[in-house]
Amino acid sequence: LTAKDFKPGQDVVATLPTSDAPAPVLREVRAEATFTAVRVMPDFWQQVPAVAKTGKRTLVVVVDTSRSMLETKTLTRDALASVLAGLTTKDEFVVLACDVSCRHPEALPKKATRAAIADALRELAAIDPDGASDLGLALTTAGAVVRKSGASEVVMIGDGVPTWRETDDNALAKVASESLAGATLHALVVGKG
């Protein structure tokens with residue numbers, strides 16, 4: 001299953017095995033509808049963009065610090081720690097903490113040293129989640145950092161629920177497409193939703 005230039009809202013079509021082995025499909029037919037469940041295990045690592053010839057990755061991490069993240073503050077910090085732990089000392093990162101505004105929108109990428117990662121985690125821990133979630137602003141701010149730094153990946157950590165300014169899914173998908181300058185967008189969803 002490979003898709004290029006995939007746009008949100010399109011169907012994903014997976015070919016199921018045709019052998020005598022049982023297919024990973026469950027189907028229940030009822031009077032009101034037919035319900036089908038298919039287990040698909042895509043290999044997402046095939047979709048990660050190749051590291052530039054420099055041998056380093058530059059990652060922009062957007063962390064939702066809105067009020068809805070209050071109860072998952074520790075989980076959010078752990079998620080950021082996990083993402084940053086996957087970087088090598090050749091790699092660089094920028095962390096944006098966003099709610100109705102984004103902190104450090106002019107930050108330059110830092111080398112992914114233990115000290116820089118510890119500083120980023122300390123800064124996040126010092127933020128008391130409050131305010132609404134402006135995902136449009138988070139995406140456009142991340143896009144500005146992508147263009148300035150040459151980053152090829154953006155990771156958004158949060159509940160993914162927009163509550164301020166633009167809240168329409170299709171409009172936000174368009175903002176992401178236009179803002180991120182071709183960078184790959186990853187979402188790490190934490191929270192109640």
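May I ask you to evaluate 6.51 cos²θ - 1.76 cosθ + 1.60, the Karplus curve with θ = phi - 60°, for each residue of the stretch 135-147 and list the ³J(HN,Hα) values in order in whole Hz, giving x for glycine and proline?
3J(HN,Hα) across the stretch 135-147, in whole Hz: 5, x, 5, 4, 5, 5, 5, 4, x, 5, 5, 4, 5.
Send over the per residue convex hull volume for the stretch 71-169, Cα only, as a whole number of Å³.
Working: hull volume 9.9 nm³, N = 99.
Output value, Cα hull per residue: 100 Å³.
List residues of the stretch 133-158, by number, whose backbone nitrogen lies under 11 Å from a label position 7 Å along Cα→C-beta of Arg67.
Output list for this probe position: 133.
Distance check, please: which entries in Lys56/Lys174; Lys56/Lys148; Lys73/Lys111; Lys110/Lys174; Lys73/Lys148 exceed 18 angstrom between their Cα atoms?
Details: Lys56/Lys174 28 Å; Lys56/Lys148 16 Å; Lys73/Lys111 25 Å; Lys110/Lys174 29 Å; Lys73/Lys148 29 Å.
Those over the limit are Lys56/Lys174; Lys73/Lys111; Lys110/Lys174; Lys73/Lys148.
Quick one: which residues, 5 or more positions from Val63 or on another chain, have an amide H under 5 Å from its amide H? H modelled 1.01 Å from N in the peptide plane, none for Pro or chain starts.
For Val63, the qualifying residues are Leu96, Ala97, Cys98, Ile157.
Residues with amide H under 5 Å of His186's amide H, sequence separation 5 or more or different chain, H placed in the peptide plane at 1.01 Å from N; which?
Val154, Val155, Met156
I'd like to check one number: the per residue accessible area of the stretch 60-112, probe 1.4 Å, reported in Å² as a whole number. It would help to have the intermediate numbers written out before the result.
Details: 2480 Å² over 53 residues.
Result: 47 Å² of accessible area for each residue.
Kirkwood Rh over Cα pairs of the stretch 59-128 into Stokes-Einstein at 37 °C, 0.692 mPa s: D in µm²/s?
Working: Rh = 12.2 Å.
Roughly 268 µm²/s, to the nearest whole number.
Please give the FRET efficiency for Ala115 paired with Ala187, using the beta carbon to beta carbon distance and R0 = 35 Å, rounded to the nearest 0.05. Show your work: numbers first, answer last.
Values: r = 28 Å, r/R0 = 0.80.
That gives a FRET efficiency of 0.80.
At 7 Å along the Cα-to-beta-carbon direction for both Ala81 and Val38, put a label point, then send me their distance in nm to one decimal.
Each label point lies 7 Å from its Cα, and together they span 3.9 nm.
With θ set to phi - 60°, apply the Karplus curve 6.51 cos²θ - 1.76 cosθ + 1.60 along the stretch 153-159 and write out the HN-Hα couplings as whole Hz, x wherever there is a Gly or Pro.
Once rounded to whole Hz, the list reads 9, 10, 10, 9, 10, x, 8.
The values are calculated or read from the model by the stated rules, or taken from the named source; none is laboratory data. As the structure is a prediction and not an experimental result, all values here were calculated from the model. All Cβ positions, glycine included, derive from the backbone under ideal geometry; neighbour counts span all protein chains shown. Accessible surface areas use protein heavy atoms only, side chains included; no ligands, DNA or RNA. Shrake-Rupley method; radii C 1.70, N 1.55, O 1.52, S 1.80 Å.
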